[in-house]
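The values are calculated or read from the model by the stated rules, or taken from the named source; none is laboratory data. All figures in this text were calculated on a predicted structure; none of them were measured in a lab. Backbone-built Cβ (ideal geometry, glycine too); neighbour counts: all protein chains shown.
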Amino acid sequence: AAEVVQLVTAAIRNYDSSAYWSQPYHNSRFTGQDWVNELMNGHPERIRNELGMRLHVFVTLLVELRAMGYGDSQKGVRLEEQLAIFLY
């Protein structure tokens, strides 16, 4: 019985270890505008997980910001990327 308890204890420690579940989450090869394009054209849950909103809400917010006079930066950063950075 003592051996079973030791085995279960070791299994729990291993399972609870952060190294056991270590798996990269942010592993996109894209950055900047390419990353935003990947979010907008990829799986619908991905943009929701990364930015906290669904694609149609993100696009509607972009339309509203453009209507308010906001646009791409002078340094070439598109409004989509600026908004994604803010929301991330």
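With (1) at pLDDT below 95; (2) over 14 Å from the mean Cα position of the chain (by Cα); (3) surrounded by 12 or more Cβ atoms within 10 Å (Cβ to Cβ) as the list, and LEU61 as the residue in question, which single condition is left unmet?
It fails just one condition, (1).
Can you pull out the residues in segment 31-88 that are in contact with a Leu (Cβ under 9 Å, 6 or more places away or on another chain) and small (Gly, Ala, Ser)?
Hits for segment 31-88 are GLY52, GLY71, SER73, ALA84.
Can you work out which of the residues in segment 41-88 that are assigned to a loop (DSSP other than H, G, I, E, B) and small (Gly, Ala, Ser) is farthest from TYR25 (Cα to Cα)?
My answer is GLY69.
Which ones in segment 64-85 are loosely packed, with under 11 Cβ neighbours inside 10 Å, modelled with pLDDT of 95 or more and not aliphatic (A, V, I, L, M)?
Those that are loosely packed, with under 11 Cβ neighbours inside 10 Å, modelled with pLDDT of 95 or more and not aliphatic (A, V, I, L, M): GLU64, GLY69.
Would you please list the contacts, defined by Cβ atoms under 9 Å and residues six or more apart or on different chains, that run from a residue in segment 65-88 that is over 17 Å from ASN41 (Cα atoms) to a residue that is surrounded by 11 or more Cβ atoms within 10 Å (Cβ to Cβ) and of a type in the set (Ser, Thr, Tyr)?
GLN82/TYR70; GLN82/SER73
Assuming TRP35 fulfils every condition listed in (1) surrounded by fewer than 10 Cβ atoms within 10 Å (Cβ to Cβ); (2) aromatic (Phe, Trp, Tyr); (3) touching a residue at least 40 places away in the same chain (Cβ under 8 Å) apart from one, which condition is it?
Of everything listed in (1) surrounded by fewer than 10 Cβ atoms within 10 Å (Cβ to Cβ); (2) aromatic (Phe, Trp, Tyr); (3) touching a residue at least 40 places away in the same chain (Cβ under 8 Å), TRP35 misses just condition (1).
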